[in-house]
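Notes follow the structure.
The values are calculated or read from the model by the stated rules, or taken from the named source; none is laboratory data. These numbers come from a predicted model, not from an experiment. Quick reminder, even Gly has a Cβ in these numbers, built from the backbone with ideal geometry, and neighbours come from all protein chains shown.
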Amino acid sequence: MQPYLCVVKTDTAKPLIAVLGGGAAGFFGAIACAEANPALQVVLLEKTGKLLGKVRISGGGRCNVTHACETPAQLVAHYPRGSKQLKSAFQQFGVAETVAWFAKRGVQLKTEADGRMFPTTDSSETIAQALEQAARQAGVRICLNTGVDEVRPLAEGGFDLKLSGSGAAQLGGALRASRVLIASGGNPKSANYDWLRALGHSVAEPVPSLFTFNVPNSPLNELMGVSVPQVRVVLAGEKLQYEGPLLVTHWGVSGPAVLKLSAWGARRLNDLGYVGTALVNWIPTFTEETLRLWLQQFRQENGKKTVAVNPQFGLPQRLWRNLTEQAGIGADTRWSDLPAKAQNRLLELLLRYPLAVRGKTTYKEEFVTCGGISLDEIDLKTMQSRRVPGLFFAGEVLDIDGITGGFNFQAAWTTGYLAGRAMGTAGS
């Protein structure tokens, strides 16, 4: 691809649309706007020197584009924040429309067993290049290293933008736009939303979402890399719980079960200072009653077998041995000789394994924020501000976030598309 050179024509006969943010939502918004109305001059401003950063790193470099949900009702169930409000938006542009959008531009998606959808190339560059090419073909002007310090509404309509960064010089340090789309992403610092508060918008205080649990000095830490396909994680003393795969790391635990719990409990966990006890049920299909019955029958039929070297319930060998050691079961103990105290201890560890959570770690580099612009102040059909006419929002800058699995990208595609189309057809 050729390097970007931002050239903006001062043509008053061709209204200028400014898109703030070179991520998934910003690109989708800019493309949708330019395609809806080629008579507009669409300018995308990115404060850094890189475009589509999250797209390129997501899904381990494969880009989890969306999730295979057949209906908007199924889709909204995966959003801790924004679920009710997004339903009508997903009816306009949902999973099927996203798949068709990329297919039209030569990108085929595939569905994996867990519902996640990736490009068939298994490369995020496929998605990034498709977006960049679509932007070029639509005539979108892209300005790198161009930040926006202030958006000032004008009495006569439109906005004055105060610019910063090395790219701002090409634009004379300022820009006048007819309409503005803010797709600047989430940010963990509340103060970084002050420029949006200055426009009259309320901001739900930002806190992290989608993070792993730090569990220092846990006996499990020596099992780094061990994964279990289905567990239930419960936050002790709270109603928060989630099921899914779990991965043991050298700092604690990760995997979808933990990540989803962290998303649904983002605000509560923040209130707790990321300190508490997580209880892991390694065999969530069992209750204490059914497990005791199973153990009773198993011991009768397999009494001569050694407990520690015969993993049960499909659990990994290393995990099973670790659990039996913690239960005080000797390496040579047979099931028929297992003391009741040791059996009760093993049962407790299987159903309610305690993890002393002492902090969090960002999942890979995929930072997601809970919080942002209040959805009550946005028209979800067009993504236009109810406070400032001509001002639009899309993506994680809004108080919308989904669990892991492609849902945050789907929200970006949807809100970006609706905002872009609305800006392109405004007044027509």
How many residues are over 16 Å from residue 416 (Cβ atoms) and buried (at least 20 other Cβ atoms within 10 Å of the Cβ) when one looks only at segment 81-106? 1
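Listed here are the residues, each with its yes/no results for (1) among the basic types (Lys, Arg); (2) at pLDDT below 95; (3) touching a helix residue (DSSP H, G or I) at 6+ places or on another chain (Cβ under 7 Å).
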| site | (1), (2), (3) |
| --- | --- |
| 155 | no, no, no |
| 158 | no, no, no |
| 162 | yes, no, no |
| 178 | no, no, no |
| 183 | no, no, yes |
| 188 | no, yes, no |
| 196 | no, no, no |
| 201 | no, no, yes |
| 206 | no, no, yes |
When segment 131-157 is checked residue by residue, the ones that are of a type in the set (Gly, Ala, Ser) and out of contact with any Gly (no Cβ under 7 Å at 6 or more places or on another chain) are 134, 135, 138, 139, 155
Residue hits (segment 44-85; touching a Cys at 6+ places or on another chain (Cβ under 8 Å) and either polar (S, T, N, Q) or not in a strand (DSSP E or B) (or both)) are 46, 55, 56, 75, 78, 80
Scan segment 19-38 and tell me whether some residue there is surrounded by fewer than 24 Cβ atoms within 10 Å (Cβ to Cβ), farther than 14 Å from residue 420 by Cβ and at pLDDT 95 or above. no
Subset of segment 86-111 [free of Cβ contacts under 8 Å to residues at least 60 places away in the same chain, outside any helix (DSSP H, G or I) and not aliphatic (A, V, I, L, M)]: 105, 106, 108, 110, 111
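Matching residues to (1) surrounded by fewer than 22 Cβ atoms within 10 Å (Cβ to Cβ); (2) under 20 Å from the mean Cα position of the chain (by Cα):
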| position | (1), (2) |
| --- | --- |
| 164 | yes, no |
| 169 | yes, no |
| 173 | yes, no |
| 176 | yes, no |
| 181 | no, no |
| 184 | no, yes |
| 188 | yes, yes |
Considering every residue within segment 335-353, establish whether at least one is hydrophobic (A, V, I, L, M, F, W, C), farther than 28 Å from residue 234 by Cβ and assigned by TED's automatic domain parsing to the domain that holds residue 285. yes
Residues (of a type in the set (S, T, N, Q) and either under 13 Å from the mean Cα position of the chain (by Cα) or under 18 Å from residue 91 (Cβ atoms) (or both)) located in segment 385-424: 404, 408, 410, 414, 415
What is the number of the single condition among (1) aliphatic (A, V, I, L, M); (2) closer than 17 Å to residue 22 by Cα; (3) crowded, with 22+ Cβ neighbours inside 10 Å that residue 128 does not meet? (3)
In the list 364, 381, which residue meets the criterion of being assigned to a loop (DSSP other than H, G, I, E, B), within 23 Å of the chain's Cα centre (by Cα), closer than 30 Å to residue 185 by Cβ and modelled with pLDDT of 95 or more? 381
Residue pairs qualifying under the 8 Å Cβ cut-off, at least six apart or on distinct chains, with the first in segment 302-322 being at positive phi and the second being surrounded by 16 or more Cβ atoms within 10 Å (Cβ to Cβ) and not in a loop (DSSP other than H, G, I, E, B), are 313/350
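For (1) in contact with a helix residue (DSSP H, G or I) (Cβ under 7 Å, 6 or more places away or on another chain); (2) buried (at least 16 other Cβ atoms within 10 Å of the Cβ); (3) more than 22 Å from residue 218 (Cα to Cα), each residue gets a yes or a no:
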site: 291; (1), (2), (3): yes, yes, yes
site: 297; (1), (2), (3): no, no, yes
site: 302; (1), (2), (3): yes, no, yes
site: 307; (1), (2), (3): yes, yes, yes
site: 311; (1), (2), (3): yes, yes, no
site: 314; (1), (2), (3): no, no, yes
site: 321; (1), (2), (3): no, yes, no
site: 327; (1), (2), (3): yes, yes, no
site: 332; (1), (2), (3): no, no, yes
Yes/no for residue 404 being assigned to a strand (DSSP E or B), in contact (Cβ under 8 Å) with a residue 40 or more places away in the chain and among the polar types (S, T, N, Q): no
Sole exception among (1) crowded, with 16+ Cβ neighbours inside 10 Å; (2) in contact with a Lys or Arg (Cβ under 8 Å, 6 or more places away or on another chain); (3) farther than 22 Å from residue 59 by Cβ; (4) not aromatic (Phe, Trp, Tyr) for residue 265, by number: (2)
Tell me, yes or no, whether segment 281-302 has at least one residue that is part of a strand (DSSP E or B) and either among the small types (Gly, Ala, Ser) or under 40 Å from the mean Cα position of the chain (by Cα) (or both). yes
Across segment 222-257, which residue is farthest from residue 286 (Cα to Cα) among those that are part of a loop (DSSP other than H, G, I, E, B) and within 21 Å of the chain's Cα centre (by Cα)? 249
